[in-house]
Structures are given as structure tokens and as C-alpha cells.
Amino acid sequence: MMTNLFSSFDPSTGMFSMNWVSTILCIILFPMIYWYLPNRYMLLFKNIVTMLNNELNLLMGTKSFGSSLIFISLFMFIFYNNFMGLVPYIFTSSSHLVFTMSMALPLWFSFMLFGWINNMNHMFCHLVPVGTPGILMPFMVCIETISNLIRPGSLAVRLTANMIAGHLLMTLLGNSSIDSGIYLYMIMFVQVILMMFESAVCLIQAYVFTVLSTLYSSEVI
């Protein structure tokens, strides 16, 4: 039994912090797609990539220039790390701000840098929405500036908070099942339902992170 509820999120549980290795386990799990003929895994992966590519190109319109492939890779990476966190004894790297912020901050900074260098007038226009009364323009500039500055934080915290919330609930149920007695089967049933819910959250949060990053990129082009 754990003495600390948050010990499952501790990245250094031993002398050497090897828990972060879980973020690159895909190198071991996915090598067969480079050697085998098209199989079910490859067809499923192709269908997912095609669907995401169509969705992201629809969001960016004619301004994608192939950048949707970068966001598809980002989606697969986040979804993989979210899903691996549901496997017992596998470290959930996406539940740490150092992991999510290392993706959100460089993306946001590169978008802002590109936009202000190449499309400065376009970026200034985004600070004042169309139809804003003249007396409210200074306030709208302050509000839009703050909203732009907190975008990387909102992306990172949204993913981290959703991963932590589900895992904490599963941990609480798991600890309470030790002395549950006749309620053990009920708790196991709830755990199965929660596991299915968390699997959906892993997919949804990866999709939300990718779509929001795509929308932020489309604003600066």
C-alpha cells in the first residue's frame, strides 16, 4: 500500500531515474511496420493518419503546406504516452508539466516568432477583433495579449490535469479495494468502467492538444 497518494507520479523511484524511458518504448514496440507487408496494424495506422490529415487540412485550409504531418506525429506521440500510462508499472510521462510544457512552449514560441517576423500587421489585427467599439480597443488589446501569453500554459496544464485526475481516481479505488470485503467485485467493475473512460480520455486529450496547436498555427500564417 502506498504511503503517498502522489508517489505513482514520482519520476525518480530509485537510484537512477529510468521511468522516463517509457516515452521511447515505441522504438521497441513498433519496429515490425518497417519490415512486414501491410498488415492490420499498418492499415489501422494508415486510416488514422489519413483521417487526421483530412481534419487538420480542413482547419488550416490552403495554408497547411504539409505542416499537418508534424501535428499528426505530435498526436501519435501524445496518444502513445497517454495510453502507456494505463499499463501497470509504466510511468505516465504526460502527467508531468515538464513533459507537456516542453511540447507546448516551443510550438507556441515558434508560432509567435514566425508571425511577428513575417506577418506583423496580421498579428496586430488579431489583437482587436472585428467590430470592437473604439472605447474598448485598449482593453481588448490587453485581453488578447494575455490570452496569447497563457496559451502554452493552458495546453500543458489541460493535458497534465486530465491525466493526473484519472490516475488519482484509479489509485484511490485500488487502495480502497484492499479492505473492501464483499464490495470487491463492485470496485473491480467500477475500475473496468474507469479504465475504458481513461482510454477515451487518452485519445481525446491528444486530439485536443493537436487541434488547438493547429488552430494557433493557422492564426499566424
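Restrict the check to segment 162-175 and report whether at least one residue is under 20 Å from L74 (Cβ atoms), under 22 Å from the mean Cα position of the chain (by Cα), assigned to a helix (DSSP H, G or I) and at pLDDT 85 or above.
Checking segment 162-175: at least one residue is under 20 Å from L74 (Cβ atoms), under 22 Å from the mean Cα position of the chain (by Cα), assigned to a helix (DSSP H, G or I) and at pLDDT 85 or above.
If we keep just the residues of segment 61-74 that are assigned to a helix (DSSP H, G or I), modelled with pLDDT under 80 and not β-branched (V, I, T), which is surrounded by the fewest Cβ atoms within 10 Å (Cβ to Cβ)?
Checked segment 61-74; the qualifying residue surrounded by the fewest Cβ atoms within 10 Å (Cβ to Cβ) is G61.
In this structure, is P129 over 30 Å from I78 (Cα atoms) and touching a helix residue (DSSP H, G or I) at 6+ places or on another chain (Cβ under 9 Å)?
So P129 passes the test.
Please state which one of F109, F79 is assigned to a helix (DSSP H, G or I), more than 11 Å from the chain's Cα centre (by Cα), of a type outside the set (S, T, N, Q) and farther than 19 Å from T171 by Cβ.
Of F109, F79, the one residue that is assigned to a helix (DSSP H, G or I), more than 11 Å from the chain's Cα centre (by Cα), of a type outside the set (S, T, N, Q) and farther than 19 Å from T171 by Cβ is F109.
Of the residues that make up segment 82-93, is at least one farther than 22 Å from L149 by Cα, among the aromatic types (F, W, Y), within 21 Å of the chain's Cα centre (by Cα) and in a helix (DSSP H, G or I)?
Looking for residues that are farther than 22 Å from L149 by Cα, among the aromatic types (F, W, Y), within 21 Å of the chain's Cα centre (by Cα) and in a helix (DSSP H, G or I), one finds at least one in segment 82-93, hence yes.
For the condition in contact with a helix residue (DSSP H, G or I) (Cβ under 6 Å, 6 or more places away or on another chain) and either among the hydrophobic types (A, V, I, L, M, F, W, C) or touching a residue at least 60 places away in the same chain (Cβ under 8 Å) (or both), what is the one hit in F139, F111, F124?
Details: F139 fails: in contact with a helix residue (DSSP H, G or I) (Cβ under 6 Å, 6 or more places away or on another chain); F124 fails: in contact with a helix residue (DSSP H, G or I) (Cβ under 6 Å, 6 or more places away or on another chain).
Step by step, each of F139, F111, F124 is checked, and only F111 is in contact with a helix residue (DSSP H, G or I) (Cβ under 6 Å, 6 or more places away or on another chain) and either among the hydrophobic types (A, V, I, L, M, F, W, C) or touching a residue at least 60 places away in the same chain (Cβ under 8 Å) (or both).
With surrounded by 13 or more Cβ atoms within 10 Å (Cβ to Cβ), free of Cβ contacts under 8 Å to residues at least 40 places away in the same chain, farther than 29 Å from P129 by Cβ and not small (G, A, S) as the only criterion, which of L168, L194 stands out?
L194
When residues of segment 146-161 are filtered for being surrounded by fewer than 17 Cβ atoms within 10 Å (Cβ to Cβ) and part of a helix (DSSP H, G or I), how many remain? Break it down stepwise before answering.
Step one: filter segment 146-161 for residues surrounded by fewer than 17 Cβ atoms within 10 Å (Cβ to Cβ), giving 146-147, 149-150, 153-154, 157-158, 161.
Going one step further and asking which of them are part of a helix (DSSP H, G or I), we end up with 146-147, 149, 153-154, 157-158, 161.
Residues that pass the stated criteria total 8.
The values are calculated or read from the model by the stated rules, or taken from the named source; none is laboratory data. Values in this document were obtained by computation on a predicted structure and should not be read as measured data. We place every Cβ from the backbone using ideal geometry, glycine too, and count neighbours over all the protein chains shown.
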